[in-house]
Each structure stands twice: as C-alpha cells, then as structure tokens.
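As structure tokens, the structure follows; a few thoughts come after it.
The values are calculated or read from the model by the stated rules, or taken from the named source; none is laboratory data. This one's a predicted model, so the numbers in the text were calculated from it and none came from an experiment. So basically every Cβ, Gly included, is an ideal-geometry build from the backbone, and we count neighbours across all protein chains shown.
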Amino acid sequence: MRIWTSYFGNRKLPNELPKISIAGKPPSGWRESGRPEYKKLAPKYTWWKQWHDNHLSESWYIGQYSDTVLKGLSVPEVVEELKALAGGSDEFCLLCYEKPSDNWFCHRQIVRGWINDYYRSQMMRGWMSYEWKEDFKEGEKPTFVQMELL
C-alpha cells in the first residue's frame, strides 16, 4: 500500500492516482466533479481559525487535532474507508491546501505519522510482515506509507 499526500495545486500528480480531499472545504468544483472527500481527517474550523489567526504553536495544533479529529478513529478502519473512496486502489493521494516549503506545517504530517506509527507498531509485534523503510532515495519506491509527491 502507498498513501501519498500533496496539495490541491500540485500539477505533477499523475492523473491516474486517486485523489481524496482531507480539507475542511475543498476547492471550488471539487464536489461538483464528484471527487471524493474524507471529512473525518479534516481539521475543525473553529480551532483551526484560532490557530491560524493567533499564530499559535504547532504543538497546540497537534494537540487540538489529536483530541478533536484522531481521538476515537481507528487506523485500519480509516485506511479501508480511504481505499473504498479510491475505488479499491492500494495507492492514493490525500490532499489539502498547504504547499510544502521550508517552514511548512500541515495536518497531512500528523495523519502520516498517525498511520505510520500504527503500522510500525503492528510490524514490531510481529502481526505484520512488511519491510519498513524510514528513508528512501529519489526513484526508490517505499514499501508502505510515503509522505510527499512534490
């Protein structure tokens, strides 16, 4: 399985790669074109606006996201629901607005960590037999979850 993440404006994404919005509100035309959304992973607007307008810390954001979005969700269930939205594909891309930069921070990073932590713990317990590759060189394809497709 490969779960990619990127931003809506990325024109380098392959057309055949299923794309799923995890933003609170996708770009104009997204819903109308029938593209999938997964609201369960979207930040809650009330605290997102507070964080954005008041320039609060990343740790504050992570705490809010963990407590109001991830709490109560199950990684395997979320991954299965995402696969279903991707037409059953084992490879898909989660999208929101933030474009990567030197000081980039986004909930996609939290989602990636949450999914990776779960599957890493399953492998350590011997419940899964996937090879884990934390770092990979350009051109290499990771075995499990990959972060950015720039």
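Computed values, structure above
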| quantity | calculated |
| --- | --- |
| Odd one out for L73, checked against (1) over 23 Å from R2 (Cα atoms); (2) in a loop (DSSP other than H, G, I, E, B); (3) aliphatic (A, V, I, L, M) | (1) |
| Among the residues listed as R11, R112, the single one being modelled with pLDDT under 90 and assigned to a loop (DSSP other than H, G, I, E, B) | R11 |
| Near pairs, Cβ below 8 angstrom, 6+ apart or cross-chain, from the stretch 105-121 (surrounded by 19 or more Cβ atoms within 10 Å (Cβ to Cβ)) to any residue that is assigned to a helix (DSSP H, G or I) and among the polar types (S, T, N, Q) | I110/S66 |
| Answer residue from the stretch 14-30, given it is polar (S, T, N, Q) and assigned to a loop (DSSP other than H, G, I, E, B) and is modelled with the lowest pLDDT among those | N15 |
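Condition check ((1) part of a helix (DSSP H, G or I); (2) surrounded by 13 or more Cβ atoms within 10 Å (Cβ to Cβ); (3) touching a strand residue (DSSP E or B) at 6+ places or on another chain (Cβ under 9 Å); (4) of a type in the set (D, E)) across all residues:
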{"site": "E32", "(1), (2), (3), (4)": "no, no, no, yes"}
{"site": "R35", "(1), (2), (3), (4)": "no, yes, yes, no"}
{"site": "P43", "(1), (2), (3), (4)": "no, yes, yes, no"}
{"site": "W47", "(1), (2), (3), (4)": "yes, yes, no, no"}
{"site": "W51", "(1), (2), (3), (4)": "yes, yes, no, no"}
{"site": "L56", "(1), (2), (3), (4)": "no, yes, no, no"}
{"site": "S59", "(1), (2), (3), (4)": "yes, no, no, no"}
{"site": "T68", "(1), (2), (3), (4)": "yes, yes, no, no"}
{"site": "V78", "(1), (2), (3), (4)": "yes, yes, no, no"}
